[in-house]
Amino acid sequence: MKTDLLEIHGILLERFGPQHWWPGETPFEVTVGAILTQSTSWKNVEKAIANLKKEGFLNPEGLNHINPDDLSTLIRPAGYYNAKTRKLKEFIKHLYENHDGDLGKMLAADAKDLRCELLSIWGIGPETADSIILYAAGKPQFVVDAYTKRIFSRLGYVNSETGYDSLKEFSEKNLPRNVKVYNEFHALLVRLGKNHCRKTKPLCTECPLKKRCKKKKTKTSRKK
């Protein structure tokens, strides 16, 4: 299985090239982006982040002092802006109460401890927490999303009912524990999911994994 996942990584990298993900100039920007990207596209998040930058609020102090109504207005392009306003405010509140507003101190913690801490904050779930740990803290935590589950289930590695933690464990067990590998592989799976392995009307004939996917499905059917 380890060979399989590394081969898939190589195939996707050859087809799509490096994805340069996660876009963000600072760990704080990456963290804010990880919170804002819940249930929306990255294009919408970019608009919200651009608004925060323009008004000078894309920093801990700025988000700590900004009025919630004003924050909601600025991040409106990201959708669910009232809920995301609270999520950002809860995160900043935690950051100041526990780390004096210093994100670097927070991200310096051991990955396991950092994950538990992030998950204790209102509005931060496993995918957001792992995104912050991998992309902002630079620590090896594989990020699982809907694309990961869809692609791996169609390849026959897991089923559509597999939960987040189980899929994360499967991925980390079969990939080198390496930040660069986790980073690039997650980004490549997102690219494949958006361009080819779509939820409906997938473009299977153009998919770089079409032969592997067909082979895996055949194996699965034989087991039945």
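A count restricted to segment 29-64 and to residues that are in contact with a Phe, Trp or Tyr (Cβ under 7 Å, 6 or more places away or on another chain) and either at pLDDT below 95 or basic (Lys, Arg) (or both) stands at 1. The residue list 142, 170 contains one member that is within 26 Å of residue 209 (Cα to Cα), assigned to a loop (DSSP other than H, G, I, E, B) and at pLDDT 95 or above, which is 142.
Within segment 176-201, the set of residues being hydrophobic (A, V, I, L, M, F, W, C), surrounded by fewer than 19 Cβ atoms within 10 Å (Cβ to Cβ) and closer than 14 Å to residue 7 by Cα comprises 181 only.
The values are calculated or read from the model by the stated rules, or taken from the named source; none is laboratory data. Quantities reported herein were computed from a predicted structural model and do not represent experimental measurements. Note that we place each Cβ from the backbone using ideal geometry, even for glycine, and neighbour counts take in every protein chain shown.
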